[in-house]
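Novice: The structure follows.
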Amino acid sequence: TAKSGPSLNLFGYLLAGMSAMFLLFIASTGMTDLHHEARNRTFQRYHTLRQALLPFVAGKVVFAVVLLLLSSVVLLGGGALVFRIHWQHPLALAVLVLGHACFAAGFMAVLAALAGDERIASTLNTIVAMALAIAGGCAFPPQQLPAFLREHISPLLPTYWFAETVRNLEYGSGEVAWVGVALRFAGLSVLLIAVAAFLFRRRFRKGLRA
């Protein structure tokens, strides 16, 4: 069952998890721009001028992050108005949203680099995003997950970091180390962007196909 508290709002509790899942789907849509650049040969022309692909990939990630932040305003801000949710820690929530947005965009950039075909990428992104959301306890309280998944897998997932940290901030008791979670998001995001750039460069060496 959901963790109760003096200011528990069921819609707010659920929205914390569902927003993590929706932002993954939106990030998937935003990062399809990488496939468009490859199909239009823009990516290839850039690579002939500069060997380092990190700035190019990072630029696409920044674009996706801006899209995700605007979407989060609609999801969390609009949800607060519609369901009368009072976010008690807006600064912490904003930082966590930014961290999750950077992770989501970086992660989808890696999937874009792994999947050469845009249609395959779309299917793969949907499956992986749904798996991360379910295993991270976004669609329902993590206490309802199987014991092994709940105790050993979920705590490793960024979707779980976001959903549970927001829930504990808003409806839990005691101090929540949200700064540490935000730093974890930052480090993981930088790593994912670097991995995506490396994978795209390797694909160029083998002959990139849109």
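Novice: Quick check on segment 196-210: of everything there that is in a loop (DSSP other than H, G, I, E, B) and not basic (Lys, Arg), which residue is farthest from Met108 (Cα to Cα)? Reasoning before the result, please.
Specialist: We begin by selecting, within segment 196-210, every residue in a loop (DSSP other than H, G, I, E, B); these are 207-210.
With the extra rule that they be not basic (Lys, Arg), the set shrinks to 207-208, 210.
On the way: Gly207: 21, Leu208: 18, Ala210: 16 Å.
The extreme case among them is Gly207.
Novice: Among the residues of segment 9-40, how many are part of a helix (DSSP H, G or I) and either open to solvent by 30 Å² or more (accessible area, probe 1.4 Å) or not small (Gly, Ala, Ser) (or both)? Explain how you work it out, then say what you get.
Specialist: Start the filter on segment 9-40 by keeping residues that are part of a helix (DSSP H, G or I), which leaves 10-30, 33-39.
Restricting the remaining residues to those that are either open to solvent by 30 Å² or more (accessible area, probe 1.4 Å) or not small (Gly, Ala, Ser) (or both) gives 10-11, 13-15, 18, 21-26, 29, 33-37, 39.
Total meeting the criteria: 19.
Novice: Follow-up question, since we're still on this one. Among the residues of segment 125-137 satisfying the criterion of being open to solvent by less than 10 Å² (accessible area, probe 1.4 Å) and aliphatic (A, V, I, L, M), which is nearest to Gly106 (Cα to Cα)?
Specialist: Ala129
Novice: Here's a follow-up. Got a number for residues in segment 63-104 being in a helix (DSSP H, G or I) and over 16 Å from Leu183 (Cα atoms)?
Specialist: Initially, segment 63-104 is screened for residues in a helix (DSSP H, G or I), giving 63-83, 90-104.
Subset that is over 16 Å from Leu183 (Cα atoms): 63-83, 90.
Final tally of qualifying residues: 22.
Novice: Of these, Arg167, Arg203, which one is of a type in the set (Lys, Arg), touching a residue at least 60 places away in the same chain (Cβ under 8 Å), out of contact with any Pro (no Cβ under 7 Å at 6 or more places or on another chain) and surrounded by fewer than 21 Cβ atoms within 10 Å (Cβ to Cβ)?
Specialist: Details: Arg167 fails: surrounded by fewer than 21 Cβ atoms within 10 Å (Cβ to Cβ).
After applying the criteria, what remains is Arg203.
Conditions (1) of a type in the set (Phe, Trp, Tyr); (2) out of contact with any Lys or Arg (no Cβ under 9 Å at 6 or more places or on another chain); (3) farther than 21 Å from Leu67 by Cα, marked per residue:
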| site | (1), (2), (3) |
| --- | --- |
| Ala115 | no, yes, yes |
| Ser122 | no, yes, no |
| Thr159 | no, yes, no |
| Asn168 | no, no, yes |
| Gly172 | no, no, yes |
| Leu183 | no, yes, yes |
| Ile193 | no, yes, no |
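Quick grid of which residues meet (1) surrounded by 23 or more Cβ atoms within 10 Å (Cβ to Cβ); (2) assigned to a helix (DSSP H, G or I); (3) in contact with a Leu (Cβ under 8 Å, 6 or more places away or on another chain):
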residue: Arg119; (1), (2), (3): no, yes, no
residue: Ala139; (1), (2), (3): no, no, no
residue: Glu151; (1), (2), (3): no, yes, no
residue: Thr159; (1), (2), (3): yes, yes, yes
residue: Ser173; (1), (2), (3): no, no, no
residue: Val176; (1), (2), (3): no, no, yes
residue: Gly180; (1), (2), (3): no, yes, no
residue: Ser189; (1), (2), (3): yes, yes, no
residue: Ala194; (1), (2), (3): no, yes, yes
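The values are calculated or read from the model by the stated rules, or taken from the named source; none is laboratory data. Note that the structure is a prediction, hence the values are computed from the model and not measured. Note that we place each Cβ from the backbone using ideal geometry, even for glycine, and neighbour counts take in every protein chain shown. Heavy atoms of the whole protein, side chains included, go into the accessibility calculation; ligands, DNA and RNA do not. Shrake-Rupley method; radii C 1.70, N 1.55, O 1.52, S 1.80 Å.
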